[in-house]
Amino acid sequence: MLFNSYLFWSFFFCVFTLYWLVPKKFQNTVLLISSYAFYSFWDWRFLGLIIISTLTDFILAKKITVSPKNKNTYLYMSLTVNLGVLALFKYFGFFIEQINHLLYLIGINSFSNILHFVLPIGISFYTFQTISYTVDVYRGITKPINNILNFALYVSFFPQLVAGPIERSYKLLPQLTKVKNFKNINFTEGFYFILYGLFMKIVLADNMAIVSNGIYNQNIESLMGVDIIVGTYAFAFQIYGDFSGYSLIAIGVSKLFGIDLMRNFKVPYISTNPSEFWRRWHISLSSWLKDYLYIPLGGNKAGIKITYKNLLITMLLGGLWHGANWTFIFWGLFHGLILIAYKAYDYKFKVKLLVRRNPLYQILQTFFFFHLICISWIFFRSETIIDAYKILIQILYNFSFSSDTLGMMGMILFFVAPIFVYEYWDERKNHSSFNERSLSSVMLFSNYCIFMIILFQAPTFQEFIYFQF
Amino acid sequence: MLLIITEIILFFTEDFLSKDIQHLKSIDNITKENNEMIIIGNSLTRKGINETLLIKNLKTNKTNYKKAGIIYLDDTSIIEWYYVFKSYFYENDIIPKKLIINFALNQLRTPELEFEELSRIASYVPIKKLYATCEQETLNFSQKIDLYLAKFFRIFCHRERISKRVLDLIPNYRSTIRKLNVYNKPKKKYFKNNHDYRHLDKIIEMVEIAGIELIFCAMPLPESYTIDKKIISIIKGSDNCTIIGFNEDNYFTDYHFVDGYHLNPEGAQLFTESFADMISNKVSQF
């Protein structure tokens, strides 16, 4: 049941109507049943995993506060169950494959992998969300919740169940327990985010997919270097539109239930450096990694070398979170390395604030950094590391145009330029809340989205890229 | 409100969107002309048949056909031709003596129904027949909504035409998108059911009931192509049907084509003369 399907919107309409019609004490029950129904629509067999994860963390978090002496044990138990399930379903096959490969290299017969797991949709997202709850209870940031129904909803809330944003317990749980009033719902805001998200997915991402798939599905040796670069630009905007589109729809849908979810993207491609990029890209994951991995490892408090090591570990695991493939590990490694390189550059040269604020310097930095991000997307998009290597070689040694370069650039400009200008303008306004936006700008942008969705939606729907993670 | 305004604007301006819409609106007039011969095809027919020359040649060949109604709707294939003939002619008891369907490559296969096909079908089928069409085509939930939206809103119905007009402003857009589409899930549209000839069967069934003579004509393309044996066996299985082919014709060279698909005026003249001869003689090449 994709967000960009009529089926989902029919489902949403039924849930929305029911949610506001039933007595308030049953609202969360409606949402929980709907969330389980939504997940079952993908694959009912994996509903058991969500329930296991829910029960484990509900019980263990309670035990952490009941017997503080053993809180370390309970935390490790929670981590073992959650990460164990994640490892089993997501990484087991990959590691067996790598071990077999190593055994083969040293001349030992490999053992066959008799277990083949189907990856449960959204497992990486809800696992991280439940872990954050237990860790927050362990740290004393969140009090354990007594109502299992509310906690089950926290784990499985359908708008953000399969692709985030990964919410924090201290932000989402109080909202779930609060009584919601229909009169307080800001429908304009909800529909604004829904239209915005649909535009990002159906118009931007799916049209950019035509360009990027058109390039990346070809035989690499037959491609021109400039075409690959243009195809990679298209992929950069495809993945941005795809993922931010999903998050925006999730935010919009949740608003209509009276629940606020965090913004997951803030115009990431205007970033001038990697630290800024990770404050703008997949914010819910990058802040999760920072709070539950980077800082516990020591963060930047233990000297420059330890900081670099921590950055590298965090980004490598961030890469691995995306999937069991060397391409994602290299993607994470590459981001770790550029984070270190930028930190080292800043540390060594201490670039003056005055220079940093120079608009020309910022444009050059943004341009340069965008291309670094594009290099990382080559690893992300390629099927194998060898493919990524071949693509990079092809760009370097066959740097020429084809007759299609202009057409592809035209498509990217047509679909990306208006939304980029709008997002940049909106970002510069720095609104602290939605209501600070003028109604005319909201209406104008919403109408633009409606027309683009009707007239320029891509001929074929693409699945959300992040569903595979 | 916005949609209503757009609908009103499109109501007055849709004819300017494409010649295809003007032609679509002229089908009603064709039905009133009491043509004994109807030719249905797509842009290959539009570019490939010189209407005046065809009538002249039919008269020279001393056939009974003094005039012919030619319907050529862009990007259409068997499913659209079926609904055009059914909705405009068959169900209105307008029965020509001869029906000619011009096709090329795999255009007699039933394609997977995507929005483009559904929006075109919606413009041919009357409102009262929409439900029956949904049932007949076993449309899923999304397809049904697409069909109804295309029927009731011009902005949905003309979506492809408007977007193509705008995107054509991008330099090299058409040629680029054609190449990119080859690598975007290639062959998906026909691969799912590679030998689905449901609508070919249905149109043959229709002409058999109405006693119409049906000729399938394989149009010339710059590169010769073969016709699926299944198609030939289906057509040969009906006494009312004949198939003639220019698909492997050596008369047409690159000189006769304006692009990778369509004949130029010289090519059209050559084709029309041969076409008129062949349909007069009712020769089957297969």
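The values are calculated or read from the model by the stated rules, or taken from the named source; none is laboratory data. Not measured: the values here are computed from a predicted model. Every residue, glycine as well, gets a Cβ built from its backbone with ideal geometry; the counts of neighbours run over all protein chains shown. For accessibility, only protein heavy atoms count, side chains too; no ligands or nucleic acids. Shrake-Rupley method; radii C 1.70, N 1.55, O 1.52, S 1.80 Å.
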Practice task
Show that you can apply the helix-only estimate: for chain B, add -39,500 (n - 2.57) for every DSSP H stretch of four or more residues, divide by all residues, and state [θ] at 222 nm to the nearest 500.
Solution key: -15000 deg cm²/dmol
Practice task
Kindly flag which residue pairs out of B:LYS25/B:LYS164; A:LYS62/A:LYS178; A:LYS390/B:LYS179; A:LYS69/A:LYS301; A:LYS24/A:LYS171 have an alpha-carbon separation exceeding 26 Å in this structure.
Solution key: A:LYS69/A:LYS301
Completion exercise
Once B:ASP259, B:ASP254, A:ASP227 are ranked on solvent-accessible area with the largest value leading and a 1.4 Å probe, the list reads B:ASP254, B:ASP259, A:ASP227
Exercise for the section: Count, for each residue of B:168-181, the Cβ atoms from other chains sitting within 10 Å of its Cβ, then give me the mean as a whole number. Expected result: 6
Handout entry: Long-range amide H partners of B:ILE70 with built H, under 5 Å
Key = B:ILE39
Completion exercise
Along the dipole axis of the protein assembly as shown (charges at Cβ: +1 for Lys and Arg, -1 for Asp and Glu; origin at the Cα centre), the most positive-end residue among B:GLY245, B:ALA122, B:THR52 is B:ALA122
Exercise for the section: Please give the residues from the range A:404-445 for which the solvent-accessible area of heavy atoms, probe 1.4 Å, is smaller by at least 30 Å² with all protein chains in place than with the chain isolated. Expected result: A:ASP404, A:LEU406, A:GLY407, A:MET411, A:PHE414
Completion exercise
Treating every alpha carbon of chain B as one equal point scatterer without solvent, the Debye formula yields log10 I(q)/I(0) values at q = 0.12 Å⁻¹ of -0.81
Exercise for the section: Compute for chains B and A the buried accessible surface, both sides summed, probe 1.4 Å, and express it in Å² to the nearest 100. Expected result: 2500
Practice task
Calculate for chain A the 222 nm mean residue ellipticity that helices alone would give, adding -39,500 (n - 2.57) per DSSP H run of length 4 or more and normalising by residue count, nearest 500 deg cm²/dmol.
Solution key: -22000 deg cm²/dmol
Handout entry: Relative pair counts by distance (%), Cα atoms of the range A:157-224, 5 Å bins
Key = 3, 11, 11, 17, 16, 11, 8, 7, 6, 4, 2, 2, 0
Practice task
Would you mind finding the longest exposed-site-free stretch of chain A, with exposed GluC sites (Glu not before Pro) meaning DSSP loop and at most 15 other Cβ atoms within 10 Å?
Solution key: A:1-382
Practice task
Mind grabbing the accessible area of A:ILE412 for me, 1.4 Å probe, Å², rounded to tens?
Solution key: 10
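At 1.4 Å probe radius, can you tell me the per residue accessible area of chain B in Å²?
Roughly 49 Å² per residue, with all protein chains present.
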Handout entry: Interface residues, the range A:198-218 - accessible area loss of 30 Å² or more versus chain alone, probe 1.4 Å
Key = A:ILE210, A:GLY214, A:ASN217, A:GLN218
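If the only charges are +1 at each Lys and Arg Cβ and -1 at each Asp and Glu Cβ, what is the size of the charge dipole of the protein assembly as shown around the Cα centre, to the nearest 20 debye?
Numbers: 74 positive and 59 negative charges, 679 e Å.
Approximately 3260 debye in magnitude.
For chain B, give the share of DSSP beta bridges that are antiparallel, in percent and rounded to the nearest 5; count only bridges with both residues there.
5
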Practice task
Taking every pair of Cα atoms in the protein assembly as shown, average 1/r, invert it to obtain the Kirkwood radius, and report Rg/Rh to two decimals.
Solution key: 1.03
Completion exercise
The correct ranking of B:TYR251, B:TYR90 by accessible area at 1.4 Å, largest first, is B:TYR251, B:TYR90
Problem - Ratio of Rg to Rh over the range B:204-286 (Cα coordinates, Kirkwood Rh, two decimals) - result: 1.02
Problem - Per residue solvent-accessible surface (Å²) - the range A:187-468, probe of 1.4 Å - result: 43
Exercise for the section: Stick to Cα atoms and the Kirkwood definition of Rh, then tell me Rg/Rh for the range A:187-468. Expected result: 0.97
Practice task
With a 1.4 Å probe and every protein chain kept in, tell me what percent of the accessible surface of the range A:187-468 is carbon plus sulfur.
Solution key: 66
Exercise for the section: On the full set of protein chains, 1.4 Å probe, figure out the accessible area of A:TRP288 and give it in Å² to the nearest 10. Expected result: 20
Problem - Net charge over other residues, Cβ less than 13 angstrom from the Cβ of A:TYR292 (K, R count +1; D, E count -1) - result: +1
Practice task
First select every other residue whose beta carbon is under 15 angstrom from the beta carbon of B:TYR72; then total the charges, Lys and Arg +1, Asp and Glu -1.
Solution key: 0
Practice task
Express in nm, to one decimal, how much length is gained between A:THR188 and A:SER441 on full extension, taking 0.36 nm for each residue of separation and deducting their alpha carbon distance.
Solution key: 89.9 nm
Fill in the blank from the handout: Charge tally for neighbours of A:LEU312 with beta carbon under 12 Å away, counting Lys, Arg as +1 and Asp, Glu as -1, is +3
Practice task
Please state the charge dipole magnitude for the range A:90-201, taken about the Cα centre, from unit charges on C-beta atoms (+1 on K and R, -1 on D and E), reported in debye and rounded to the nearest 20.
Solution key: 460
Exercise for the section: With a 1.4 Å probe and every protein chain left in place, tell me how much accessible area A:LYS429 has, in Å² to the nearest 10. Expected result: 110
Completion exercise
Treating only Lys and Arg (+1) and Asp and Glu (-1) as charged, each at its beta carbon, one finds that the range B:103-160 has a dipole about its Cα centre, in Debye to the nearest 20, of 300
Handout entry: Counting DSSP beta bridges with both ends in the protein assembly as shown, the antiparallel % (nearest 5)
Key = 5
Exercise for the section: Please report, in Å, the Rg and the Dmax of the range A:16-184, where both are computed over Cα atoms only. Expected result: 19.0, 70
Exercise for the section: Let me know the Kirkwood hydrodynamic radius for the range A:294-437, please, with Cα pairs as the basis and the value in Å to one decimal. Expected result: 18.5
